[in-house]
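Student: Structure incoming, see below.
The values are calculated or read from the model by the stated rules, or taken from the named source; none is laboratory data. All figures in this text were calculated on a predicted structure; none of them were measured in a lab. All Cβ positions, even for glycine, are placed from backbone atoms using ideal geometry, and neighbour counts span all protein chains on display. Calculation scope for accessible area: heavy atoms of the full protein, side chains included, ligands and nucleic acids excluded. Shrake-Rupley method; radii C 1.70, N 1.55, O 1.52, S 1.80 Å.
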Amino acid sequence: MSVQLSFYVHIPYCVKRCGYCDFNTYTPSQLLEGATLETVSGDYIDAMLREVEIARISAPGSVPTIFFGGGTPSLLPAHDLGRVITAIKSGWEVDGDCEITLEANPDSVDATKLAQFREAGFNRVSFGMQSAVPHVLATLDRTHNPENVARAVEAARAAGFSSVSVDLIYGTPGESLADWRTSVESALSLGVDHISAYALIVEAGTKLANQIKRGELSMPDDDVMADMYLLVDQLANDAGLSWYELSNWSKPGHESRHNVAYWKNANWWGLGPGAHSHRDGVRWWNIKHPTAYKSALFAGTTVIAESETLTASQLADEAIMLQIRMREGIALSKLSADQISRIEAYSQTGHLDKERWLKGTLQLTPSGRLIADRIVRELVV
Ligand SMILES: C[S@@+](CC[C@H](N)C(=O)[O-])C[C@H]1O[C@@H](n2cnc3c(N)ncnc32)[C@H](O)[C@@H]1O
Ligand code: SF4
């Protein structure tokens, strides 16, 4: 049966591990003592192309979006990432307007490399900016200089990327509301089409978590975090970027179609170690370690670590958790009378848009977005 399938392509390499990050990514020396990026990634794409072939046989159809994430995909040569794009284009129907995103570290690209990525087929780029304030970047243990972001965005425009996004993080220890304003204003002054702003998550076992545990750093309090969220929402709006998902703002027509596919629980295939996939209510995920992933593909054995089939009630709960985060919200006709009565009060307290509620839709207001998790818990009991 022909399916519509988005692709996530995982590139599990970074030059240095940032102190807050627990993504499935490795520095070359973590994988092999004394190794370089070339040594560890040399046959990675060869292995991945074998997984593309497995996907082609089991899920033929069309591909609306491809997203290269990591790790730091922009560290690999453009022609290597281009081999994956070419394989997908030759195995599936891929329209000319297929959104093909590259996650990039501003330090690992220049004008020449960005032009090569465009040539390889990428049309959207998302830079990991995080902050424009040196002491915040230092606490995050980031390697890049804030000025590199402006240079990278300018070079991406010159190379012809049709959509440019930056990722920001708020709530870093020691970050004030004024620092956060500086970062958001600086991102918006670059004229980007899209912003993602995520609250810093302190992941157990990271350098950051240990610094907090030892009392060397402390997290901002919840009220400051709430003010930071409301500030980015207001500044983005003022600059013509409106929210379309809780943590994402864009100019009209520049929403990330790939992420929207996740939030709408569409079908996607995650290529690479640890990558998750979803097809028609079945989820599976790959072996986590890049070396084991490559070995399995070269040996012709499965790379799937585990899978699960979601029940109808799990699917319904997930749809609520994902859709409530989106601007279009949830049609009240999709909720039971019981669910509606449990959350009705929020339409009187300013957390749900009253006008939309009266017209039959649950849509969060800015203050409602701050308590989205609480409202979800009322709906999914
Ligand atoms: C794979 S990284 C992006 C590309 C590139 N590796 C970089 O960092 O510039 C994806 C994004 O995840 C976010 N991220 C990673 N760890 C996080 C954490 N603990 N809390 C909040 N956001 C996090 C960062 O905003 C980062 O830009
Ligand atoms: S935040 Fe990005 S650059 Fe830093 S370790 Fe994580 S994936 Fe690598």
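Student: Going through the stretch 22-42 one residue at a time, which ones are within 16 Å of ligand 1 (Cβ to nearest atom) and of a type in the set (Asp, Glu)?
Tutor: If the condition is that a residue be within 16 Å of ligand 1 (Cβ to nearest atom) and of a type in the set (Asp, Glu), then Asp22 is the only one that fits.
Student: So is Arg83 open to solvent by 10 Å² or more (accessible area, probe 1.4 Å), farther than 25 Å from Gly128 by Cβ, without any contact (Cβ under 8 Å) to a residue 60 or more places away in the chain and in the same structural domain as Ile195 (by TED's automatic domain parsing) or not? Spell out how you get there, then give the answer.
Tutor: Values: open to solvent by 10 Å² or more (accessible area, probe 1.4 Å): yes; farther than 25 Å from Gly128 by Cβ: no; without any contact (Cβ under 8 Å) to a residue 60 or more places away in the chain: yes; in the same structural domain as Ile195 (by TED's automatic domain parsing): yes.
When the stated conditions are applied, Arg83 does not pass them.
Student: Please go through (1) under 19 Å from Met129 (Cα atoms); (2) within 16 Å of ligand 2 (Cβ to nearest atom); (3) part of a loop (DSSP other than H, G, I, E, B) for Glu203 and return the number of the only condition it doesn't satisfy.
Tutor: Unmet condition: (1).
Student: So, one more: State all residues of the stretch 327-381 that are aliphatic (A, V, I, L, M), touching a Phe, Trp or Tyr at 6+ places or on another chain (Cβ under 9 Å) and free of Cβ contacts under 8 Å to residues at least 60 places away in the same chain; if no residue qualifies, say none.
Tutor: Leu332, Leu352, Leu362, Ile371, Ile375 - these are the residues of the stretch 327-381 that are aliphatic (A, V, I, L, M), touching a Phe, Trp or Tyr at 6+ places or on another chain (Cβ under 9 Å) and free of Cβ contacts under 8 Å to residues at least 60 places away in the same chain.
Student: Now for a different question. If Ala132 satisfies every condition in (1) out of contact with any Ser or Thr (no Cβ under 9 Å at 6 or more places or on another chain); (2) open to solvent by 10 Å² or more (accessible area, probe 1.4 Å); (3) modelled with pLDDT of 95 or more but one, which is the exception?
Tutor: Here Ala132 clears every test but (1).
Student: Condition first: among the β-branched types (Val, Ile, Thr) and closer than 22 Å to Gly253 by Cβ. Can you find one or more residues in the stretch 96-113 that meet it?
Tutor: Yes, the stretch 96-113 contains at least one residue that is among the β-branched types (Val, Ile, Thr) and closer than 22 Å to Gly253 by Cβ.
Student: Which of the residues belonging to the stretch 174-224 are small (Gly, Ala, Ser) and farther than 20 Å from Ser247 by Cβ?
Tutor: Here is the first cut: in the stretch 174-224, the ones small (Gly, Ala, Ser) are 174, 176, 178, 183, 186-187, 189, 191, 196-197, 199, 204-205, 209, 215, 218.
Of everything in the stretch 174-224, those that are small (Gly, Ala, Ser) and farther than 20 Å from Ser247 by Cβ turn out to be Gly174, Ser176, Ala178, Ser189, Gly191, Ala204, Gly205, Ala209, Gly215, Ser218.
Student: Being in the same structural domain as Asn210 (by TED's automatic domain parsing), within 12 Å of ligand 1 (Cβ to nearest atom), buried (at least 16 other Cβ atoms within 10 Å of the Cβ) and within 26 Å of Thr86 (Cβ to Cβ): is that true of Ile11 here? Talk me through it step by step, then tell me what you get.
Tutor: Working: in the same structural domain as Asn210 (by TED's automatic domain parsing): yes; within 12 Å of ligand 1 (Cβ to nearest atom): yes; buried (at least 16 other Cβ atoms within 10 Å of the Cβ): yes; within 26 Å of Thr86 (Cβ to Cβ): yes.
When the stated conditions are applied, Ile11 passes them.
Student: Go through Ala187, Ala159, Ala209, Ala226 for me and flag whichever is under 27 Å from Glu119 (Cα atoms), more than 19 Å from the chain's Cα centre (by Cα) and open to solvent by less than 40 Å² (accessible area, probe 1.4 Å). Even if it seems obvious, please write down each step before you answer.
Tutor: Working: Ala187 fails: more than 19 Å from the chain's Cα centre (by Cα); Ala209 fails: under 27 Å from Glu119 (Cα atoms); Ala226 fails: under 27 Å from Glu119 (Cα atoms).
On inspection, the qualifying residue turns out to be Ala159.
Student: Residue by residue through the stretch 86-115, note down the ones that are within 16 Å of ligand 1 (Cβ to nearest atom), outside any helix (DSSP H, G or I) and either out of contact with any strand residue (DSSP E or B) (no Cβ under 6 Å at 6 or more places or on another chain) or outside the structural domain of Tyr44 (by TED's automatic domain parsing) (or both).
Tutor: Val109, Asp110
Student: Given the criteria over 20 Å from Ala150 (Cβ atoms), open to solvent by 10 Å² or more (accessible area, probe 1.4 Å) and either free of Cβ contacts under 8 Å to residues at least 24 places away in the same chain or within 16 Å of ligand 1 (Cβ to nearest atom) (or both), does Ile66 qualify? Step through it out loud before you land on a result.
Tutor: On the way: over 20 Å from Ala150 (Cβ atoms): yes; open to solvent by 10 Å² or more (accessible area, probe 1.4 Å): no; either free of Cβ contacts under 8 Å to residues at least 24 places away in the same chain or within 16 Å of ligand 1 (Cβ to nearest atom) (or both): yes.
Considered against the rule, which asks whether it is over 20 Å from Ala150 (Cβ atoms), open to solvent by 10 Å² or more (accessible area, probe 1.4 Å) and either free of Cβ contacts under 8 Å to residues at least 24 places away in the same chain or within 16 Å of ligand 1 (Cβ to nearest atom) (or both), Ile66 comes out as no.
Student: Can you tell me how many residues within the stretch 145-154 are within 14 Å of ligand 2 (Cβ to nearest atom) and open to solvent by 10 Å² or more (accessible area, probe 1.4 Å)?
Tutor: Looking only at that region, the number is 1.
Student: May I ask you to list the residues in the stretch 297-317 that are loosely packed, with under 12 Cβ neighbours inside 10 Å, modelled with pLDDT of 95 or more and not in a loop (DSSP other than H, G, I, E, B)?
Tutor: Scanning the stretch 297-317 gives Ala299, Glu306, Ser307, Glu308, Thr309.
For every residue, the table says whether it meets (1) at pLDDT 95 or above; (2) within 21 Å of the chain's Cα centre (by Cα).
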| site | (1), (2) |
| --- | --- |
| Met326 | yes, yes |
| Arg356 | yes, no |
| Leu364 | yes, no |
| Ala372 | yes, yes |
| Val380 | no, no |
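Student: May I pose another question? Within 16 Å of ligand 1 (Cβ to nearest atom), buried (at least 20 other Cβ atoms within 10 Å of the Cβ) and either in contact (Cβ under 8 Å) with a residue 24 or more places away in the chain or under 11 Å from Val84 (Cα atoms) (or both), is that true of Val52?
Tutor: The answer is no for Val52.
Student: So which residues in the stretch 234-246 are surrounded by 18 or more Cβ atoms within 10 Å (Cβ to Cβ) and not in a helix (DSSP H, G or I)?
Tutor: So the first thing to find is which residues in the stretch 234-246 are surrounded by 18 or more Cβ atoms within 10 Å (Cβ to Cβ), and the list is 235-236, 239, 241, 243-246.
Selection gives Ala239, Leu241, Trp243, Tyr244, Glu245, Leu246.
Student: Tell me yes or no: at least one residue of the stretch 31-38 is within 16 Å of ligand 2 (Cβ to nearest atom), under 14 Å from Leu75 (Cβ atoms) and either open to solvent by 10 Å² or more (accessible area, probe 1.4 Å) or not basic (Lys, Arg) (or both). If you could, list the steps in order and put the result at the bottom.
Tutor: Start the filter on the stretch 31-38 by keeping residues that are within 16 Å of ligand 2 (Cβ to nearest atom), which leaves 31, 37.
Next, only the ones that are under 14 Å from Leu75 (Cβ atoms) stay: 31, 37.
Imposing the further condition that a residue be either open to solvent by 10 Å² or more (accessible area, probe 1.4 Å) or not basic (Lys, Arg) (or both) reduces the set to 31, 37.
Within the stretch 31-38, one or more residues are within 16 Å of ligand 2 (Cβ to nearest atom), under 14 Å from Leu75 (Cβ atoms) and either open to solvent by 10 Å² or more (accessible area, probe 1.4 Å) or not basic (Lys, Arg) (or both).
Student: Quickly run through the stretch 255-277 and pick out the residues that are charged (D, E, K, R) and assigned to a loop (DSSP other than H, G, I, E, B).
Tutor: Hits for the stretch 255-277 are Glu255, Lys264.
Student: Sort through Ala178, Ala152 and tell me the only one that's among the aliphatic types (A, V, I, L, M), assigned to a helix (DSSP H, G or I), more than 14 Å from ligand 1 (Cβ to nearest atom) and in the same structural domain as Leu241 (by TED's automatic domain parsing).
Tutor: Values: Ala152 fails: more than 14 Å from ligand 1 (Cβ to nearest atom).
From the options Ala178, Ala152, the qualifying one is Ala178.
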